[in-house]
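Heads up: the structure comes next, in structure tokens.
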Amino acid sequence: MNAHSKIGLTVVPRENCGAEVLGIDLNNLSDSELVGVKKAYADYGVIFFRDQKITEDQHIAFAKKFGEIDINKFFPHIDGHREIAKVGKEKDQKTNIGGGWHTDHSYDRVPAMGSILVARILPPSGGDTLFANMVAAYDTLDDETRAAIANLNAVHSNSHVFGSKAYYNNEERKEFAKDEAVGEAVHPVAITHPLSGKKALYVNPGFVLRFEGQTIAQSQPLLHKLFAHAMNARFHTRFQWREGSIAFWDNRATWHYALNDYHGHERLMHRITIAGVALH
Ligand code: SIN
């Protein structure tokens, strides 16, 4: 028995969104601890770990306990491991990755289940990540809005983010301008979450352009109403990274937003994204 298994897994919910999972070593998870981690992930949508010492191989091994790895088509990968995407900002760069509310890979026909982000190099201060609870956002919609989205689908695209004419095609982020990898997908606006069975709002400002069967202009009023609702701070938590911190979020239950408030300092995170299931 290792020191951590004596302490046992403790799940401490955060206000509004997510939970901290304490008392475990991700490199030495017992079967019952793994069950506890999976339950916390399904229950809270994003879980946070502290004081972990995890190598790149161990990061991959942990991710594989939850499903197949979904290789990111745009981000650079670390040497020798295509499974691990580098989410970085050099000290002389201005644009960060993920600096707006979004959820990863929602533009894929089968959107990713979740992402495991490991802190590798942190700025002296700043660089926190915000998470938003999309189950709570759905639960608090008024009846009229719920009825309006009940049978609606949304078109998710990445062409305005990653293509050659897109947001990231600037001097700093040329590697993201891969037209061959851009695409779009249609998903329900309100989903039944595949793990928890709860209803969740599944549109995000980063990748959703419009509702299926409507133009962008026709979609704007309701789409903006949904975005404004979910942007309310009562659904959010702010995660402050430290050495050894790991966040594991479910892309179908949360949004996230990487704050870009540490110019002049480097920040490097390693991200593994895990494949999901079709949401229709
Ligand atoms: C991301 O959007 O995946 C990056 C989040 C972060 O760097 O905090």
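The values are calculated or read from the model by the stated rules, or taken from the named source; none is laboratory data. All of these numbers come straight from a predicted model, not from anything done at the bench. Positions of Cβ are backbone-derived with ideal geometry, glycine not excepted, and every protein chain shown enters the neighbour counts. Calculation scope for accessible area: heavy atoms of the full protein, side chains included, ligands and nucleic acids excluded. Shrake-Rupley method; radii C 1.70, N 1.55, O 1.52, S 1.80 Å.
What the table below lists for this structure:
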read-out	value
Qualifying residue in region 64-83 (condition: in a loop (DSSP other than H, G, I, E, B) and over 26 Å from Arg109 (Cα atoms))	yes
Hey, Asp57 in a loop (DSSP other than H, G, I, E, B), more than 20 Å from His187 (Cβ to Cβ), open to solvent by 50 Å² or more (accessible area, probe 1.4 Å) and away from the ligand (no atom under 15 Å from the Cβ) or not	no
Condition broken by Gly88, with the remaining ones in (1) more than 16 Å from the ligand (Cβ to nearest atom); (2) among the small types (Gly, Ala, Ser); (3) assigned to a strand (DSSP E or B) satisfied	(1)
Tabulated pairs, region 208-224, first open to solvent by 50 Å² or more (accessible area, probe 1.4 Å), second assigned to a loop (DSSP other than H, G, I, E, B), C-beta under 8 angstrom, 6+ apart or interchain	Glu212/Leu152
Extreme residue, farthest from the chain's Cα centre (by Cα), among residues of region 59-95 that are polar (S, T, N, Q) and within 26 Å of Pro124 (Cα to Cα)	Gln93
Region 237-280: number of residues that are in a loop (DSSP other than H, G, I, E, B), small (Gly, Ala, Ser), within 10 Å of the chain's Cα centre (by Cα) and within 11 Å of the ligand (Cβ to nearest atom)	0
Any pair with Cβ under 7 angstrom, 6 or more apart, that starts in region 77-99 at a residue that is without any contact (Cβ under 8 Å) to a residue 24 or more places away in the chain and ends at one that is open to solvent by 20 Å² or more (accessible area, probe 1.4 Å) and among the aliphatic types (A, V, I, L, M)	Arg82/Ile71
Residues of region 13-57 classified as among the small types (Gly, Ala, Ser), in contact with a Ser or Thr (Cβ under 7 Å, 6 or more places away or on another chain) and over 18 Å from Asn251 (Cβ atoms), total	2
Of all residues in region 94-113 being more than 15 Å from Pro188 (Cα to Cα) and more than 13 Å from the ligand (Cβ to nearest atom), the one that is most open to solvent (accessible area, probe 1.4 Å)	Lys94
Selection count, region 114-154, where residues are within 12 Å of the ligand (Cβ to nearest atom) and free of Cβ contacts under 8 Å to residues at least 60 places away in the same chain	0
Odd one out for Val203, checked against (1) within 14 Å of the chain's Cα centre (by Cα); (2) more than 13 Å from the ligand (Cβ to nearest atom); (3) assigned to a strand (DSSP E or B)	(3)
Residue in region 121-129 that is part of a loop (DSSP other than H, G, I, E, B), closer than 16 Å to Val21 by Cβ and open to solvent by 50 Å² or more (accessible area, probe 1.4 Å) present	no
Residue in region 71-79 that is within 9 Å of the ligand (Cβ to nearest atom) and open to solvent by less than 10 Å² (accessible area, probe 1.4 Å) present	no
Single residue of region 16-49 satisfying the filter (of a type outside the set (A, V, I, L, M) and over 30 Å from Thr140 (Cβ atoms)) that is most open to solvent (accessible area, probe 1.4 Å)	Asp31
